[in-house]
Amino acid sequence: MSTQVTEQTETEGDEQTEEQSPGERRREKKEQLQREREQEKTDLLDEAEETVELKIFRYDPEVPEKEEPRFDSFEVPFFEGMTALDALIYARDTYDSSLTFRHSCRQAVCGSDALFINGKQRLGCKTQMVDLEWPIRIEPLPHQEVVKDLVVDMEHFYEQMHAVEPYFDPDELPEGEREEQRQTPENREKVKLSTRCIWCGACMSSCNVAAGDNEYLGPAAINKAYRFAMDEREGTDRKEERLRIIEQEHGVWRCQTQFSCTEVCPKDIPLTEHIQELKREAVKSNLKFW
């Protein structure tokens, strides 16, 4: 009798599965995968020899109960080679899917995950947890308008970058259709470090001058101007125009040589040095000999 009941139940189950629509089957599979992922994360936390506490800034102007900024704490497993971004992703995927932050390449190339970690501007994907003091405090970049949680509005930063007109305008183009615009190895070496900028905004966030002067071009934009002005392929007239842009009232002369931008740059660009060299170039361009 029990065998007949079991066979009948299995048959009914098969019929029910066959009656499911494709959409229902996809949702069921998705839910199953989600349960498996959650179990994997739980197992990882249980098996971890060490855990680390994250204190993460939270703010959401669109949700009444989250309009007041606060810090939420999350306990995440620690493993060798773990980055601050790894920890954030674990906290989001395990505890709170509404936790918001930017990230993309995870290889310190895109610049999207610049954050204020333990009181310093850093890239989340480049910052090793083992190098930080615990508990770890993660905040959005200072001196920027916070959109939600760890996401800041970068529009003004991009406007400043474009204000220096970051593109070439040579006096002459190569004669051949496929001829390249040649550059000497020495000149390439001179501008090489300036080309590393990934537009992360860490330097701008660390700059006290930029914090008090919203019109200041900022170290990233001035470094971009340096990249073109010091390139030997740049046209003579175009270089003069570029120097006029950066020597304005809110340009290179606003820099107070604090080196804060150089200290936090994740690509080790000597930003302060580049700004000082542009100052010298601006002075030389205005010298007249009779």
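The values are calculated or read from the model by the stated rules, or taken from the named source; none is laboratory data. In this text the structure is predicted, and so the values were computed from the model without any measurement. Positions of Cβ are backbone-derived with ideal geometry, glycine not excepted, and every protein chain shown enters the neighbour counts. All accessible areas refer to the heavy atoms of the entire protein, side chains included, with ligands and DNA or RNA removed. Shrake-Rupley method; radii C 1.70, N 1.55, O 1.52, S 1.80 Å.
The set of residues in region 61-84 being under 20 Å from the mean Cα position of the chain (by Cα) and part of a loop (DSSP other than H, G, I, E, B) consists of Gly81, Met82. Remark: pairs (first residue in region 149-178, among the small types (Gly, Ala, Ser); second residue crowded, with 16+ Cβ neighbours inside 10 Å; Cβ separation under 8 Å; 6+ apart in sequence or on different chains) = Ala163/Leu217; Ala163/Ala221; Ala163/Ile245.
Note on region 205-229: residues that are open to solvent by 20 Å² or more (accessible area, probe 1.4 Å), closer than 22 Å to Val146 by Cβ and not small (Gly, Ala, Ser) amount to 3.
Any residue at all in region 266-282 that is over 13 Å from Asn223 (Cβ atoms) and under 23 Å from the mean Cα position of the chain (by Cα)? For region 266-282, residues over 13 Å from Asn223 (Cβ atoms) and under 23 Å from the mean Cα position of the chain (by Cα): present. Screening Glu177 with (1) out of contact with any Asp or Glu (no Cβ under 8 Å at 6 or more places or on another chain); (2) surrounded by 14 or more Cβ atoms within 10 Å (Cβ to Cβ) gives one miss only, at (2).
Among the candidates Glu172, Glu165, the residue that is open to solvent by 40 Å² or more (accessible area, probe 1.4 Å) and at negative phi is uniquely Glu172.
Tell me which residues, restricted to region 220-257, are more than 22 Å from His156 (Cα to Cα) and assigned to a loop (DSSP other than H, G, I, E, B).
Going residue by residue through region 220-257, those that are more than 22 Å from His156 (Cα to Cα) are 229-241, 257.
Within region 220-257, Met230, Asp231, Glu232, Arg233, Glu234, Gly235, Thr257 qualify.
Only residues that are under 21 Å from Glu263 (Cβ atoms), among the small types (Gly, Ala, Ser) and either open to solvent by 70 Å² or more (accessible area, probe 1.4 Å) or over 16 Å from the mean Cα position of the chain (by Cα) (or both) were counted across region 85-140, and they come to 1.
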